[in-house]
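**Q** Let me give you the structure first, and then I'll get to my questions.
The values are calculated or read from the model by the stated rules, or taken from the named source; none is laboratory data. All figures in this text were calculated on a predicted structure; none of them were measured in a lab. Using ideal geometry, Cβ is built from the backbone for each residue, glycine included, and neighbour counts are taken over all protein chains shown.
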Amino acid sequence: MMTQQASKNEIFRLRFAPLKMTVKRNARLLLDLIFPIECLGCGQEGVWFCPNCLSNLPLLPARHCPFCGQKNHWGQTCQACCQSRALAGAIAFIPYANPVIQKLIQAWKYQGAKNLTQPLSIFVSQGLDAMTLKLREQSRALESGLSQIRLATWPALPTLILSSQTTLVPVPLAPKRLRSRGFNQAEELALALQAKRGYNLDGLIKRTRHSAAQATLSGSDRLTNVKQVFALTTDAASIVNKNFLIIDDVITTGSTCEAIARLLKGSGAASVWALAIAFGHPL
Ligand SMILES: [Zn+2]
Ligand SMILES: [Zn+2]
């Protein structure tokens, strides 16, 4: 009886041994088998976000000051806010209230869907292309002397957004959060944008202490939360007179980007903007 039981156990163990190994080697693959990947837009199997849904995701860029919400053309910081802020503006391409982008960003950050970096970076890159087109349209209109009145209300797009000389600075994750998430989404986005558009990329900033997740805090608590959280990892020589784009996934109150912009401006940076996928400021 004992022998029979032992052999049953043995058969059971042998039968499931490969499964156990698979789990150990690649738990993610097993999860994909149990819960197949489906497009977060239309449900099509095999992709996190299909090309068709990507082409239907609307480009609705932020057209307001990132701090007070005053309407403008490119998301630049308004004159009044410029008095006390280091961040010159924030570019983002869709309101976070859009249910599809919300699903994508949450799956990307919290469900380990690292492959979403590709469609999300394509989306941002398309947004930057649309800005380039507007810039060309603007200079053509200026050359032909047409629409001068309209253009007077349309300030020039800062060249640092489109210049390959601009340095990308991804918002760093705290080591603890990096370990649990497995990757820094801002860094992945910055790497993809660098590959597509030829920007410089530098890990100029590090976190000096762990802060509470911004998403869990109210607006007024956010700036306090990020104060003195960041520090430079390099000397000012690599910052003086250079232009920077801080890369984040979502810009809400602008506090995180402002804290980094203060550091960079304080070390002699020429101009610092933020670039994100989505913005959470009320329209
Ligand atoms: Zn789809
Ligand atoms: Zn403002």
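**Q** Name the residue, out of PHE67, PHE93, PHE123, that is outside any strand (DSSP E or B), of a type in the set (Phe, Trp, Tyr) and under 16 Å from the mean Cα position of the chain (by Cα). Walk me through how you get there before you give the answer.
**A** Values: PHE67 fails: under 16 Å from the mean Cα position of the chain (by Cα); PHE93 fails: outside any strand (DSSP E or B).
Exactly one of PHE67, PHE93, PHE123 is outside any strand (DSSP E or B), of a type in the set (Phe, Trp, Tyr) and under 16 Å from the mean Cα position of the chain (by Cα), namely PHE123.
**Q** Let me ask something else about it. Evaluate the following for ALA107: is it part of a loop (DSSP other than H, G, I, E, B) and either away from ligand 2 (no atom under 16 Å from the Cβ) or modelled with pLDDT under 95 (or both)? First the steps, then the outcome.
**A** On the way: part of a loop (DSSP other than H, G, I, E, B): no; either away from ligand 2 (no atom under 16 Å from the Cβ) or modelled with pLDDT under 95 (or both): yes.
It is false that ALA107 is part of a loop (DSSP other than H, G, I, E, B) and either away from ligand 2 (no atom under 16 Å from the Cβ) or modelled with pLDDT under 95 (or both).
**Q** Any chance you could count how many residues in the range 255-277 are touching a Lys or Arg at 6+ places or on another chain (Cβ under 9 Å) and within 20 Å of THR208 (Cβ to Cβ)?
**A** To start, the set of residues in the range 255-277 that are touching a Lys or Arg at 6+ places or on another chain (Cβ under 9 Å) comprises 255-256, 258-259, 261-262, 264, 268-272.
Going one step further and asking which of them are within 20 Å of THR208 (Cβ to Cβ), we end up with 255-256, 258-259, 261-262, 264, 269, 272.
Result for the range 255-277: 9.
**Q** Can you tell me which residues in the range 77-101 are touching a strand residue (DSSP E or B) at 6+ places or on another chain (Cβ under 8 Å) and free of Cβ contacts under 8 Å to residues at least 40 places away in the same chain? Can you show your working first?
**A** We begin by selecting, within the range 77-101, every residue touching a strand residue (DSSP E or B) at 6+ places or on another chain (Cβ under 8 Å); these are 77, 86-96, 98, 101.
Across the range 77-101, the qualifying residue is only THR77.
**Q** Also, I was wondering about something else. Given the conditions (1) exposed (fewer than 13 other Cβ atoms within 10 Å of the Cβ); (2) outside any loop (DSSP other than H, G, I, E, B); (3) within 16 Å of ligand 2 (Cβ to nearest atom), which single one is not true for SER84?
**A** (2)
**Q** Within the range 52-76, track down each residue that is away from ligand 2 (no atom under 16 Å from the Cβ) and in contact (Cβ under 8 Å) with a residue 12 or more places away in the chain.
**A** Applying the first criterion (away from ligand 2 (no atom under 16 Å from the Cβ)) to the range 52-76 yields 52-61.
Once the filter is applied, which keeps residues that are away from ligand 2 (no atom under 16 Å from the Cβ) and in contact (Cβ under 8 Å) with a residue 12 or more places away in the chain, the range 52-76 yields CYS53, LEU54, ASN56, LEU57, PRO58, LEU59, LEU60, PRO61.
**Q** Within the range 206-217, is there a residue that is at pLDDT below 85, under 17 Å from the mean Cα position of the chain (by Cα), outside any helix (DSSP H, G or I) and surrounded by fewer than 18 Cβ atoms within 10 Å (Cβ to Cβ)?
**A** Let us first name the residues in the range 206-217 that are at pLDDT below 85, namely 208-217.
Cutting the leftovers down to under 17 Å from the mean Cα position of the chain (by Cα) gives us 213-215.
So of that shortlist, the ones also outside any helix (DSSP H, G or I) come out as 213.
From what is left, the residues that are surrounded by fewer than 18 Cβ atoms within 10 Å (Cβ to Cβ) are 213.
Yes, because at least one residue in the range 206-217 is at pLDDT below 85, under 17 Å from the mean Cα position of the chain (by Cα), outside any helix (DSSP H, G or I) and surrounded by fewer than 18 Cβ atoms within 10 Å (Cβ to Cβ).
**Q** Does the range 137-159 hold any residues that are at pLDDT 75 or above and in a helix (DSSP H, G or I), and which are they?
**A** Kept after step one, since they are at pLDDT 75 or above, are these residues of the range 137-159: 137, 158-159.
Across the range 137-159, the qualifying residues are GLU137, THR159.
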